[in-house]
1. Past the 32 Å Cα-Cα mark, which pairs from Lys131/Lys163; Lys131/Lys269; Lys131/Lys173; Lys230/Lys269; Lys130/Lys157; Lys230/Lys378?
2. Taking 20 °C and 1.002 mPa s as the conditions, I'd like the Stokes-Einstein D for the stretch 139-241 in µm²/s, using the Kirkwood hydrodynamic radius from alpha carbon pairs.
3. What distance in nm separates the simple spin-label points at Phe270 and Glu108, each placed 7 Å from Cα in the Cβ direction?
4. Taking the mean number of other Cβ atoms within 10 Å as a proxy for protection, how do you rank 221-233, 85-97 from highest to lowest?
5. Could you give the length gained by full extension between Arg181 and Lys131, i.e. 0.36 nm per residue of separation minus their alpha carbon distance, to one decimal place?
6. Go through 103-110, 189-196 and give me the packing order, highest mean Cβ count within 10 Å leading.
7. Relative to the present Cα-Cα distance, how much length would full extension add between Asn241 and Phe373 at 0.36 nm per residue of separation?
8. Compare the peptides 201-214, 331-344 by average per-residue count of other Cβ atoms within 10 angstrom and give them in order, highest first.
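Values quoted throughout were computed directly from the atomic coordinates according to the rules given, and no laboratory measurement underlies them. On a predicted model such as this, the values are computed, not experimentally measured, just so you know. Virtual Cβ from ideal backbone geometry, glycine too; neighbours counted across all protein chains shown.
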Amino acid sequence: METITLAWRNIWRSRRRTIITLIAISFSLMLVQGFHNLAFGVYAQMIDSGVRSGSGHIAVYRGDYATSRDDRLSWELAGLKEKVTTLDGVRAALPRVYLLGLAQSSRESRGILLTGIDPVAENDINPLLKKIDAPELIRSLNGRDALVGNRLLTELKLKIGNKFVVTAQGPGKELVSELFRIRGVVKSGIREVDNSLVMVGRERAARLIGGPDSVHELAVILEHPDLEDKLTGEITSLLGNRENLSAVSWEVAMANLANAIKLDYASQKFIFLIIVLIVTIGVVNTLLMSVMERIREFGVILAVGATPGRLRRMVITEAFLIGVISMLLGNLLGILLTWYLADVGIDLRRFVPETMEFGGVVFDPVMRAAWDFSYMIKMSLYVLVLSVIASLYPAAKAARILPAEAMRHF
């Protein structure tokens with residue numbers, strides 16, 4: 001207790017230097033916590049948007065379809081959708097058909113990606129369909145209604161209500177065609193999607209690859225992302241050895257998004273290195289200057305019987321107190337910054353279009369933070385530990401002081 005009391009008094013001997021050190025470390029911790037939580041919230045938003053319009057939290061594929069996108073790797077649902085939907089934690093199971101084809105109007109033709117969906121299920125989940133009015137949505141699994149990307153609509157020189165033909169390669173490599181009528185327009189904000197997307201009823205699309213129950217993907221949307229590992233195992237059990245089917249996570253199914261997020265997270269390590277340098281330099285500078293200013297004092301203390309170990313403990317305790325104060329102040333500032341970023345966010349709508357695209361996924365340009373408490377605690381402990389580690393050199397220097405030489409120091 002006496003060591004703590006002496007250490008507390010010592011760190012406030014040079015009040016200005018100590019305050020500057022505390023401010024530097026606290027603000028560094030605040031920035032790391034705040035901007036990590038901002039990235040954490042934006043990533044969560046992108047993943048949520050991606051899994052709803054893309055593969056789901058878990059996707060069921062045949063063979064290597066996740067990487068090859070070979071439209072020959074279709075398979076029969078055979079009641080699997082209903083079985084998966086009954087699992088606890090599953091919000092929806094969305095069977096889909098994907099086919100590369102050619103869309104032809106009376107005046108133009110363009111390459112497209114034909115996507116067959118279950119309209120009732122997709123309308124409640126898929127963000128691509130949220131902005132489309134109900135009368136313009138696909139009405140049935142087997143009808144000829146189609147939703148077309150807005151850029152594709154312009155390139156084909158068509159309007160809502162016009163008819164067009166889609167030609168694709170059938171299961172026997174023969175060319176097969178279907179006639180569709182444009183029911184509505186999709187505007188995703190992703191150029192590649194808006195240039196090529198055609199959505200139709202799943203059973204109508206499946207006729208181009210075989211039977212009406214054929215699909216390429218079963219996208220499983222979960223109530224909460226934390227259930228992914230548990231439900232992947234349960235879905236795998238339902239599959240058994242059937243048709244070489246497997247359940248994969250969204251990281252595998254949407255590798256572009258997963259890799260983009262990993263790359264962005266890696267850049268945060270650079271910011272972490274900055275806080276390491278600030279904490280280390282700040283603590284070493286403060287304590288080393290304090291030791292140099294008290295050499296004569298330490299000599300007197302040693303002359304009256306104090307041990308070098310006691311001086312070492314006192315300097316380390318000073319660093320510990322600086323670390324604790326910085327940790328508490330930095331956490332308070334980090335909480336306030338995260339609260340602001342979560343409630344108000346950063347509005348980029350003045351500088352970017354209505355939507356932003358990252359890793360092939362569209363997300364809201366109003367960026368909002370989310371709370372990652374485990375990371376905040378971890379960074380706080382890093383600050384405390386780094387403060388103590390940074391004090392080892394000044395503490396060792398204080399312990400090596402010789403009383404006779406110190407008494408002559410001015």
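1. Lys131/Lys269; Lys131/Lys173
2. Stokes-Einstein gives a translational diffusion coefficient of 134 µm²/s.
3. Reported label-point gap for Phe270 and Glu108 is 4.1 nm.
4. Most protected by this proxy first, the peptides run 85-97, 221-233.
5. Fully extending the segment from Arg181 to Lys131 adds 16.0 nm.
6. Working: 103-110: 15.2, 189-196: 17.0.
Highest to lowest by the protection proxy: 189-196, 103-110.
7. On the way: separation 132, 0.36 × 132 = 47.52 nm, distance 4.08 nm.
Net length gain for the segment: 43.4 nm.
8. Details: 201-214: 20.9, 331-344: 16.3.
So the peptides 201-214, 331-344, ranked by packing, come out 201-214, 331-344.
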